[in-house]
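Trainee: Okay, here's the structure, questions in a sec.
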Amino acid sequence: MIIGKLWGSFRAQLNKLANFFWTADPIAQMQYEYDQAVEQLKGGREGLAQYRALVEKVSQQANAEKTRVVQLESRIKAYLQAGDRATAAKFALDLQKAKESLADKIAQMTMHETSYENNVTKIKNATKKVGEIKDKMHMYDAELKMSRAEAEMAELTGSLNFDITTDMGQIEQVLQEQINQNRAKVRVAADLSGEGVDDILREAAVEGVLAEDALKQFEVEMGYLTPGTAKVTQEEKQLGPQTTKETN
């Protein structure tokens, strides 16, 4: 009883191990079954070829018996025509045995021929089934690879969810914060670059006016007559002191 339980437990473990290999790579298992079937078909075809040789041998024996029957019939007729009944009777007995042998050979040939045709039909059907298994194996292999790829793509799509609770979402948040910080630095730099611009422009305008006045003064002192100098001289004449004549 204990041995029976141990054997049952051992068989259960073997079955579990077999199921593991079956589920680990079912395509490989299918390929193994296909190879086994091909080997069996190969052996079946070799056996069928040997059986066909036997059928041919029996057929040749039947044909030989037919020829013997025809020859015996011809001899019997010849001896009867010659009036030799004793010899004709002897060949008539041989003819009877030859016909019995011929009937037996024909029966054997018919039986073997029928068996051969049945085996041919079975092997043809088995070959067709094996071909279907091969096609299914290729189909399942392609579908299995495609389904695995689809499953991986589905997992990848889920992992690429940019929700804040996912890793991708947290990474995106960190990147966005860095982008915002960089943009803030650029904005601060731009804002700071505008400080004192108006003062600088005003100082530049004042310096321009002073420079123009200095140039005009230089032109007056040197006696250069330019449109700018003429304008200054005219303004000085208009703005200068007026003199009146005294009358006695």
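Trainee: I'd like the Karplus ³J(HN,Hα) series for the stretch 34-49: coefficients 6.51, -1.76, 1.60, θ = phi - 60°, whole numbers in Hz, and an x wherever there's a Gly or Pro.
Mentor: Values per residue, Gly and Pro as x: 5, 4, 4, 5, 5, 5, 5, 5, 4, x, x, 5, 5, x, 5, 5 Hz.
Trainee: Here's a follow-up. Based on the mean of other beta carbon atoms within 10 Å per residue, what is the order of 176-189, 209-222, most packed first?
Mentor: Taking the mean over residues of other Cβ atoms within 10 Å, the ranking is 209-222, 176-189.
Trainee: OK, next. Which value in nm describes the separation of the simple spin-label points at Lys129 and Ile179, placed 7 Å from the Cα toward the beta carbon?
Mentor: The two pseudo-label positions are separated by 6.4 nm.
Trainee: Kindly state, to the nearest 0.05, the FRET efficiency for Leu80 paired with Glu56, given R0 = 45 Å and r defined as their beta-carbon distance.
Mentor: 0.80
Trainee: Right, something else. Suppose R0 equals 25 Å. What FRET efficiency, 1/(1 + (r/R0)^6) with r the Cβ-Cβ distance, do Gln40 and Met139 give to the nearest 0.05?
Mentor: Taking R0 as 25 Å, the efficiency between Gln40 and Met139 is 0.65.
Trainee: Same structure, new question: On full extension of the chain, what length is gained from Leu215 through Val120, given 0.36 nm per residue of separation minus the C-alpha to C-alpha distance?
Mentor: Going from the current span to full extension adds 21.8 nm.
Trainee: Fewest to most neighbouring Cβ within 10 Å: what's the order for Lys136, Lys105?
Mentor: Sorted ascending by nearby Cβ count, the order is Lys136, Lys105.
Trainee: A further question follows. Under a Cβ-Cβ cut-off of 12 Å, what is the net charge of the residues other than Thr110 that fall near it, where Lys and Arg count +1 and Asp and Glu count -1?
Mentor: -2
Trainee: Tell me, in nm to one decimal, what length is gained between Ala64 and Glu207 on full extension, where the rule is 0.36 nm per residue of separation less the Cα-Cα distance?
Mentor: In short, 37.5 nm is gained.
Laboratory data are not the source of any read-out in this text; all were calculated from the coordinates shown. Everything numeric in this text was worked out from a predicted model, so none of it was measured. With ideal geometry, Cβ positions are generated from the backbone for all residues, glycine too; neighbour counts draw on all protein chains shown.
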